[in-house]
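Reviewing the structure listed below.
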Amino acid sequence: MFTSLLYHALRIRGYRYVNPRYEKGSVMLSIRQESHTLCCSACCNRRVIRKSSQLRRFRSVPIGGQRVWMEFAVLRVWFADARRRFTRAFERYVLELYRFAAMPAVLSRIDRRI
């Protein structure tokens, strides 16, 4: 029931409700990310490896006049296909090229560097 509440009332998808806690007049909802929703943030590839996690709290909209906090472990993932990883510097380089050159010229330049 609470997982559907996360989806329909709070518009949170891809997470499963774990348990509630009540602290200092507010509600703490513990949720966890479903494993089939894990993906690379850059390319959305699902072939990722879990590395570690960091417990985070996010404030949500109040329910019944009480503060609601979402608590979950934000997972660090590593993209398993090392051939397709690009650095932020390379990304900035490509964006700079787009400012000064036409797309075919940029694409030919990128193909030489990969």
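Where a number appears in this text, it was derived from the coordinates with a stated rule and is not lab data. Here the structure is a predicted model, which is why all the values come from computation and not from measurement. Glycine also receives a Cβ, built like all others from the backbone with ideal geometry; neighbour counts cover every protein chain displayed.
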Item to check | Inverse mean reciprocal Cα-Cα distance (Kirkwood Rh) of the chain, Å | outcome: 17.4
Checklist entry - By count of other Cβ within 10 Å, fewest leading, how are 52, 60 ordered? => result 52, 60
Next on the checklist: Which of 63, 31 has the fewest other C-beta atoms within 10 Å, and how do the rest follow up to the most?
Outcome noted: 63, 31
Checklist outcome for this item: Projecting the Cα atoms of 72, 41, 62 onto the charge dipole of the chain, where Lys and Arg contribute +1 and Asp and Glu -1 at Cβ, the residue farthest towards the positive end is 41
Next on the checklist: Quick check for me: using +1 on Lys/Arg Cβ and -1 on Asp/Glu Cβ, what's the dipole size of the stretch 2-80 about its Cα centre, in debye to the nearest 20?
Outcome noted: 200
Next on the checklist: Taking 25 °C and 0.890 mPa s as the conditions, I'd like the Stokes-Einstein D for the stretch 34-75 in µm²/s, using the Kirkwood hydrodynamic radius from alpha carbon pairs.
Outcome noted: 197
Checklist outcome for this item: If one compares the long axis through the Cα atoms of helix 88-100 with the longest principal axis of the Cα atoms of the chain, the angle in degrees, nearest 10, works out at 60
Checklist entry - If we count other beta carbons within 10 Å of each Cβ, what is the order of 98, 17, fewest first? => result 98, 17
